[in-house]
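The values are calculated or read from the model by the stated rules, or taken from the named source; none is laboratory data. This one's a predicted model, so the numbers in the text were calculated from it and none came from an experiment. Positions of Cβ are generated from backbone atoms using ideal geometry, with glycine treated the same way; all protein chains shown enter the neighbour counts.
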Amino acid sequence: METITRKEIEQTCLETIAKEMGLKSGDLNEGMNLRDDLDIVSLDAMNIIMALEDEFKVEADIETVLEMQQVSDIVDHLAERMHV
């Protein structure tokens with residue numbers, strides 16, 4: 001089984017958010033606020049999380065995800081779920 005790093009999780013999260021929101025991944029960083037900086041609402045968050053679950057073959061805690069404020073919160077949550 002291939003080992004994944006937190007940096008790889010971060011990059012995939014940024015790429016997925018960019019794709020789902022119609023943005024360029026190079027314009028994003030993990031310190032961005034999901035709502036204030038990226039205009040992500042609950043439905044967007046659900047689509048992003050479902051895409052990330054498919055990508056990483058892991059199940060995220062939806063309640064926790066909906067409370068997240070920053071991109072880094074998603075990265076941290078996925079890293080924890082993947083034991084990274």
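With respect to residue 78, is the statement that it is part of a helix (DSSP H, G or I) and surrounded by 18 or more Cβ atoms within 10 Å (Cβ to Cβ) true?
Yes: the conditions hold for residue 78.
Suppose we keep only residues that are in contact with a Ser or Thr (Cβ under 8 Å, 6 or more places away or on another chain) and free of Cβ contacts under 8 Å to residues at least 12 places away in the same chain within the stretch 14-73. Which one would you say is nearest to residue 3 (Cα to Cα)?
Checked the stretch 14-73; the qualifying residue nearest to residue 3 (Cα to Cα) is 15.
What residue, among those in the stretch 51-73 that are assigned to a helix (DSSP H, G or I), among the aliphatic types (A, V, I, L, M) and at pLDDT below 95, is surrounded by the most Cβ atoms within 10 Å (Cβ to Cβ)?
65
Which one is farthest from residue 77 (Cα to Cα), of the residues in the stretch 14-65 that are of a type in the set (Ser, Thr, Tyr) and more than 10 Å from the chain's Cα centre (by Cα)?
25
Name the single residue, out of those in the stretch 5-50 being in a loop (DSSP other than H, G, I, E, B) and of a type in the set (Lys, Arg), that is surrounded by the most Cβ atoms within 10 Å (Cβ to Cβ).
If we take residues in the stretch 5-50 being in a loop (DSSP other than H, G, I, E, B) and of a type in the set (Lys, Arg), then 35 is surrounded by the most Cβ atoms within 10 Å (Cβ to Cβ).
Quick check on residue 2: is it loosely packed, with under 14 Cβ neighbours inside 10 Å and either outside any helix (DSSP H, G or I) or in contact with a helix residue (DSSP H, G or I) (Cβ under 8 Å, 6 or more places away or on another chain) (or both)?
yes
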